[in-house]
Structures are given as C-alpha cells and as structure tokens.
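Undergrad: First the structure, then my questions, so here it is.
The values are calculated or read from the model by the stated rules, or taken from the named source; none is laboratory data. Worth saying up front: this structure is predicted, and the values here are computed from it rather than measured. Quick reminder, even Gly has a Cβ in these numbers, built from the backbone with ideal geometry, and neighbours come from all protein chains shown. When the accessible area is computed, the model is the full protein with side chains, heavy atoms only, and any ligands, DNA or RNA have been set aside. Shrake-Rupley method; radii C 1.70, N 1.55, O 1.52, S 1.80 Å.
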Amino acid sequence: MASRRIVVLISGSGSNLQALIDALNTPALPRAHIALVLSNRKAAYGLTRAQNARPPIETAVLALQPYLKTNPGKSRRDYDLQVAKLVAKHNPDVVVLAGWMHIMSEGFLDVLSGDAPYDGEHKVQKPIPVINLHPALPGAFDGAHAIERAYEAFQKGEIKHSGAMVHRVVREVDRGQPVIVQEVEINLGEPIEAYEERLHKTEWDIIVKATAKILDEVAPISS
Ligand SMILES: Nc1nc2c(c(=O)[nH]1)N[C@@H](CN(C=O)c1ccc(C(=O)N[C@@H](CCC(=O)O)C(=O)O)cc1)CN2
Ligand SMILES: NCC(=O)N[C@@H]1O[C@H](COP(=O)([O-])[O-])[C@@H](O)[C@H]1O
C-alpha cells in the first residue's frame, strides 16, 4: 500500500510538527509521510525542523502581507486560494494545521472539500479533511492566545478546567467537530509556564493520535 500523505501548515516553532515527524512510520503513525510543510512566516523554526528531517521534507513559505504587496489588487481570499492550490497539488490524505495562525476563508475550504477547482479547472479527487490543533476545550476560548486566556480565567476562578483539542476545520473558527479532546490540569497559583509545559506535552500526543485517526478513516491500511 502507498504511504499516506500529510501536509502540515505552521506559523512558528513547529514543536507539534516535530511530534508528527518523530511519529512517522512508527506504530503511532504508520505508513505515512509529510509531503509538504507550508509556513505563512519565513522565520518559522518549523521550516528548519522539516529541512533537518531525514529524509528532508519539502517546505514552502507563503506569507500574507508579502503576497498582497507583490500581487496588487489581490485579496486575502486570493491568498487563501493560493494556499489551497499549494496544498491540493500534493494530493494529501489529510491537512494538519499545527500552529497555523491564519483564519481560512471559505475559498480554501471549498477547494479542499472538492467543491471548487484549485486551478480554475481541476478539483481534488476526494474531499481532503483539514484538522486543527487548538489549546482549549470545545466551545471555550476560540481564536488566538487561548492558552493565556484559559490560564487567566482559571486563576480568577472563572473556569475549572481547560485542555487541548484537535478538531475538524470549518469556516467558524475552532467550532468544527472535535476529533480528540484532552483536559489538562491547571493548578491555582502556579506560573503559566508550568501549565504551558503540561499543555504542550498533551498537544504533542493528541496531534499524532488525531492525525492517525483521520488517516485511518480516509486511507486505512489494508491488513
Ligand atoms: N476557517 C478556519 N480557519 C482556521 C481555524 C478554524 O477553525 N477555521 N483554526 C485556526 C487556528 N486558530 C486557533 O486554533 C487561530 C489562528 C489564528 C487566529 C487569528 O486571529 N489570526 C489572525 C492573525 C493573527 C496573527 O497573525 O498573529 C488572522 O487570521 O487575521 C485565530 C484562530 C486556523 N485557521
Ligand atoms: N489557535 C491556534 C493556536 O493557538 N495554536 C497553538 O500554536 C502552538 C504551536 O506550537 P508549535 O509551533 O510549537 O507547534 C500550539 O500551542 C497550538 O496549540
């Protein structure tokens, strides 16, 4: 059976990308490779992680503001379609947003679902699931800076739990169906760094499990 294809979108350090890289072709993530790592920030250390992988992983950078500057008249939506085109060309079985700090418009999702062509003519052969890692529980702290917001809310007594999840990506940010949800303990009075350390370890675990779960749904390994 052919190796299952993963495309990973990043914006930063890439520690979750590293978790995926380390899990490739182990029992946790069998028969899989990362076909492309795409970053919207050229300084993202995750790009170095991909290039240092063995075998090296193809990387690409497409940042919004430089795109708009070099393509006068083009919009954020055009940018999203360009991202979709870069992704679709690799015909992935799954797309993983691993710290991808850009809200995707319908255009991107329409291409990945097969509802719209990625090059004005061709559509993806089958719907491509897109999943996102988010450092909060379903329905809580949607959007950016969720770690800090959840930590502060707990310390103020506003919430009793927080955690992390991987969810399917839909147009409404962080409201897609959860794939894996894991609570993470927060302790009253502890520094945020202690909570973040526990949370990131949980993320590294659930991003691999969620990716494997989706791959087994869309491209199961025949026994
Ligand atoms: N259509 C969707 N797009 C994205 C989703 C989603 O569920 N649906 N998840 C996010 C990831 N994310 C939280 O998990 C998130 C990332 C970024 C932002 C945000 O406010 N981005 C700003 C720019 C911020 C920056 O550049 O630092 C923006 O896009 O204008 C919110 C939520 C990924 N995309
Ligand atoms: N809303 C999305 C969001 O906040 N994502 C967060 O970005 C970090 C990426 O870390 P990494 O670059 O080390 O993988 C992770 O903590 C992830 O939960």
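Undergrad: Given the conditions (1) closer than 22 Å to Asn16 by Cβ; (2) more than 10 Å from ligand 1 (Cβ to nearest atom); (3) assigned to a loop (DSSP other than H, G, I, E, B), and given that Val170 satisfies all but one, which numbered condition is not satisfied?
TA: (2)
Undergrad: OK, next. Working only within the stretch 95-123, note down all residues that are aliphatic (A, V, I, L, M) and closer than 22 Å to Gly143 by Cα.
TA: Answer for the stretch 95-123, where residues must be aliphatic (A, V, I, L, M) and closer than 22 Å to Gly143 by Cα: Val95, Val96, Leu97, Ala98, Met101, Ile103, Met104, Leu109, Leu112.
Undergrad: Further question: Which residues, counting only those in the stretch 109-134, are within 16 Å of ligand 2 (Cβ to nearest atom) and in contact with a Ser or Thr (Cβ under 8 Å, 6 or more places away or on another chain)?
TA: Ile131
Undergrad: Further, regarding this structure: Could we say that Leu20 is open to solvent by less than 50 Å² (accessible area, probe 1.4 Å), of a type in the set (A, V, I, L, M), within 16 Å of ligand 2 (Cβ to nearest atom) and farther than 17 Å from Ala219 by Cβ here?
TA: Here the answer is no, as Leu20 does not meet what is asked.
Undergrad: For Lys160, all conditions in the list (1) farther than 21 Å from Ala23 by Cα; (2) touching a residue at least 12 places away in the same chain (Cβ under 8 Å); (3) more than 12 Å from ligand 1 (Cβ to nearest atom) hold save one; what is the number of the exception?
TA: The single condition Lys160 does not satisfy is (2).
Undergrad: Still on this structure, I have one more. Checking Val179 against (1) within 16 Å of ligand 1 (Cβ to nearest atom); (2) over 17 Å from Arg4 (Cβ atoms): exactly one of these is not met. Which one?
TA: Val179 satisfies all of (1) within 16 Å of ligand 1 (Cβ to nearest atom); (2) over 17 Å from Arg4 (Cβ atoms) except (2).
Undergrad: Could you please find all residues in the stretch 169-222 being without any contact (Cβ under 8 Å) to a residue 24 or more places away in the chain and either among the polar types (S, T, N, Q) or open to solvent by 50 Å² or more (accessible area, probe 1.4 Å) (or both)?
TA: Passing the criteria: Glu172, Gln177, Glu185, Asn187, Pro191, Glu193, Glu197, Arg198, Lys201, Asp216, Pro220.
Undergrad: Which residue, of Gly157, Gly163, is over 18 Å from Ser11 (Cβ atoms) and open to solvent by less than 50 Å² (accessible area, probe 1.4 Å)?
TA: Unique residue meeting the criteria: Gly163.
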